[in-house]
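The values are calculated or read from the model by the stated rules, or taken from the named source; none is laboratory data. Keep in mind that what you see is a predicted model, and the values were worked out from it rather than measured. When we count neighbours, we look across all protein chains shown, and the Cβ atoms used for this are built from the backbone with ideal geometry, even at glycine. Ligands, DNA and RNA are excluded from the accessible area calculation, which covers all protein heavy atoms including side chains. Shrake-Rupley method; radii C 1.70, N 1.55, O 1.52, S 1.80 Å.
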Amino acid sequence: MSSMLQPQIILLKEGTDTSQGKPQLVSNINACTAVADVVRTTLGPRGMDKLIHDDKGSVTISNDGATIMKLLDIVHPAAKILVDIAKSQDSEVGDGTTTVVLLAAEFLREAKPFIEDGVHSQNLIRSYRTACSLAIEKIKELAVSIEGKSIEEKKTLLGKCAATTLSSKLIGGEKEFFASMVVDAVIAIGTDDRLNMIGIKKVPGGNMRDSFLVNGVAFKKTFSYAGFEQQPKKFLNPKILLLNVELELKSEKENAEIRLSDPSQYQSIVDAEWNIIYDKLDKCVQSGAKVVLSRLAIGDLATQYFADRDIFCAGRVAEEDLKRVAAATGGTVQTSVNNIIDEVLGTCEIFEEKQVGNERFNIFNGCPSGQTATIVLRGGADQFIEEAERSLHDAIMIVRRAMKNSTVVAGGGAIDMEISRYLRQHARTIAGKSQLFINSYAKALEVIPRQLCDNAGFDATDVLNKLRQKHALPSGEGAPYGVDIATGGIADSFANFVWEPAVVKINAINAATEAACLVLSVDETVKNPKSESAQGEAAASAMGGRGRGGGFRGRGRGMRR
């Protein structure tokens with residue numbers, strides 16, 4: 001009797017939503033599979049695109065898993081994990097973002113029946129981690145190195161990797177054209193890791209094939225004053241002066257005060273102002289530079305002054321463009337025009353201003369340090385160019401990775417099928433439940449070739465059976481076989497040059513397994529709606545307080561009561 005009269009212990013705030021045990025784990029798994037279903041159809045060369053229209057009215061058409069995941073405003077806490085792994089895959093390797101989301105969701109989907117049957121999730125997690133490390137060892141074993149080849153061979157091989165990445169994008173139709181452009185750009189920046197040394201400029205209009213690569217820097221013509229048209233627009237081997245100085249008449253600060261006892265002194269002050277700017281301009285001319293670029297404004301007086309002396313100038317150049325010019329030409333940005341020596345001046349083989357579409361571009365070609373490259377993209381619609389830029393970003397990242405970690409594996413679902421076969425074989429050697437779990441992990445890996453078939457409209461069951469048979473051959477000759485998108489059968493991915501850097505697959509499997517284990521390890525979700533509303537009220541009262549306070553200010557200064 002006494003136990004019935006015990007008061008109820010209230011631990012959490014009223015209105016707190018707690019869900020625990022099996023049902024909430026299953027609901028988390030369902031949420032993750034729902035997210036994966038959104039990007040599922042974008043995988044592979046026949047993948048579809050998604051059109052995302054946000055509340056601000058801007059429209060994005062994209063095939064890139066990471067971009068889509070970022071733009072989907074996902075609020076489910078467990079499903080957000082998939083967004084994070086897509087972002088990490090994008091920043092780490094650049095490609096394989098859809099793959100990583102699909103794998104994570106498929107691992108969870110395979111784990112779901114076990115969870116419902118009452119298997120402890122820690123057992124699953126342990127087996128998944130084992131399977132993950134086995135899979136990564138196998139990838140390293142199967143990877144083929146492209147080290148030690150001549151530069152021409154290496155270019156061809158890197159081009160193949162870039163083409164594989166681009167084949168699933170909107171610009172897949174021109175993948176050879178863009179792949180060679182990307183490889184040239186990455187080789188141009190050499191060992192420099194900074195991606196911002198490859199500039200991508202977008203010019204609407206024209207055809208995709210009108211896009212071109214500048215072995216140096218190109219940027220849009222900046223705002224210019226009268227006298228600009230009289231300046232020469234082309235130089236051979238010019239010296240380039242980079243400034244962070246304003247070259248125009250400056251009015252004195254508002255609080256400057258000059259007392260004159262004699263009106264004739266006024267002219268000398270005006271002259272002094274003019275002398276200051278003429279002195280600056282003279283020093284620029286004496287340095288021997290033929291191209292003067294500044295991050296700040298170059299006024300009309302300076303523009304005309306330079307035009308009279310056959311010097312080209314451009315003011316208000318964007319900071320990142322100026323940094324790229326400095327890196328490419330070997331110049332240094334100066335904050336003063338005093339003591340300009342030859343060492344701080346840059347140079348390039350040819351400088352010219354060219355018309356691209358309806359824009360004018362300043363182009364620096366043949367730069368000595370060659371640490372930069374600029375891709376000028378052309379295309380019909382703005383959304384199309386935006387998507388082309390995202391696709392090129394992926395390809396650039398892939399080529400960079402392939403140059404650094406120079407091992408590649410067969411694409412087209414071949415590596416996934418091979419690991420799946422290997423894990424199934426390995427699972428037979430294990431006694432106990434984990435045999436089932438590793439088997440389900442192996443089955444989950446088949447989602448990649450299956451999805452490639454589905455997206456291309458082929459019979460996935462038929463193609464997967466052919467692949468399983470080929471990969472099961474004891475000689476091991478079937479290892480590089482993957483889905484052949486062209487015919488709807490199977491083909492040797494290596495022979496067809498469908499390659500991807502090993503690091504992409506290793507990262508994808510690692511991240512997907514981690515995400516799946518993370519979701520499986522959650523056994524209780526606590527939602528505290530009260531604190532959210534309390535924050536909202538606090539913000540509203542703060543806004544109201546500011547407004548009310550503002551109403552009483554400012555009275556009394558000549559205001560009518």
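Roughly what percent of Cα-Cα pairs across the range 264-342 reach past 17 Å? Write down the numbers at each step before the final one.
Working: 1570 of 3081 pairs.
The calculated P(r) of the range 264-342 puts 51 percent of pairs beyond 17 Å.
Please give the contour-minus-distance gain from Val526 to Asp459: 0.36 nm per residue of separation, less the Cα-Cα distance, rounded to one decimal in nm.
19.8 nm
Between Glu352 and Trp274, the FRET efficiency from the beta-carbon distance, with R0 = 45 Å, is close to 0.85. Sorted largest first, the spans of the alpha carbon positions of the range 441-488 along the three principal axes are 31, 27, 15 Å. Share of carbon and sulfur in the accessible area of the range 31-160 stands at 53%, probe radius 1.4 Å.
Every Cα-Cα pair of the range 97-142 was included, and the share exceeding 17 Å stands at 45 percent. Shape analysis of the chain yields a ratio of the Cα radius of gyration to the Kirkwood radius, Rg/Rh, of 1.11. For Lys239, the residues 5 or more places off, or on other chains, whose built amide H falls under 5 Å of its own are Lys290, Val291.
Radius of gyration (Cα atoms) of the range 292-376, expressed as a multiple of 2.2 N^0.38 Å: 1.12. In the range 321-381, carbon and sulfur make up what percent of the accessible area (probe 1.4 Å)? On the range 321-381, the fraction of accessible area on carbon and sulfur atoms equals 45 percent.
When the scattering of the range 217-366 is computed by the Debye formula from its Cα atoms alone, each counted once and equally, what is log10 I(q)/I(0) at q = 0.13, 0.14, 0.19, 0.20 Å⁻¹? Scattering profile of the range 217-366, log10 relative to I(0): -0.59, -0.67, -1.12, -1.23.
When each pair of different Cα atoms in the range 24-165 is counted once in the 1/r mean, what is the Kirkwood radius in angstroms, to one decimal? Write out the running numbers ahead of the final one.
Details: mean 1/r = 0.0571 Å⁻¹.
Taking every pair of different Cα atoms in the range 24-165, averaging 1/r and inverting gives 17.5 Å.
With semi-axes defined as the square roots of five times the eigenvalues of the C-alpha gyration tensor, the equivalent ellipsoid of the range 369-431 measures 40, 18, 7 Å, largest first.
For the range 82-223, what D do you get in µm² per second when you plug the Kirkwood radius from alpha-carbon pairs into Stokes-Einstein at 4 °C and 1.567 mPa s? Before the final figure, lay out the partial values.
Working: Rh = 19.1 Å.
D, rounded to a whole number, is 68 µm²/s.
According to the Kirkwood expression over distinct Cα-Cα pairs, how big is the hydrodynamic radius of the range 408-517, in Å? Walk me through the intermediate numbers first.
Details: mean 1/r = 0.0697 Å⁻¹.
Averaging 1/r across every pair of different Cα atoms and inverting gives 14.4 Å.
Simple spin-label model, 7 Å along Cα-to-Cβ: Phe212 to Glu153 in nm? Using points 7 Å along Cα→Cβ, the separation is 3.4 nm.
Each principal axis of the Cα atoms in the range 46-86 has its own extent, and those three values, largest first, are 29, 26, 10 angstrom.
Ligands, DNA and RNA left out, the 1.4 Å accessible surface of the range 222-284 is 52% carbon and sulfur atoms. A Förster radius of 30 Å, combined with the Cβ-Cβ distance separating His120 from Gln425, puts the computed FRET efficiency at roughly 0.70. Think of a 1.4 Å ball rolled over the protein heavy atoms: the chain then has 50 Å² of accessible area per residue.
Around Arg316, under 14 Å between beta carbons, what's the net of Lys plus Arg minus Asp minus Glu among the other residues? The partial results should precede the final answer.
On the way: positive: Lys220, Lys221, Arg295; negative: Glu246, Glu248, Asp300, Glu319, Glu320, Asp321.
So the environment of Arg316 carries a net charge of -3.
Relative contact order of the chain, taken over Cα pairs closer than 8 Å and 6 or more residues apart, is 25 percent. The separation of the range 201-270 from the range 39-54, counted between C-alpha centres, amounts to 44 Å.
Distance from the Cα centre of the range 271-330 to that of the range 413-478, in angstrom? Centre-to-centre (Cα) distance: 64 Å.
Rg and Dmax of the range 208-302, based on Cα coordinates, read 18.7, 70 Å. Near Ile438: Cβ cut-off under 15 Å, other residues only, Lys/Arg at +1 and Asp/Glu at -1. The net charge is +4. If you take all other residues with their beta carbon under 14 Å from the beta carbon of Lys354, and give Lys and Arg +1 and Asp and Glu -1, the sum is +3.
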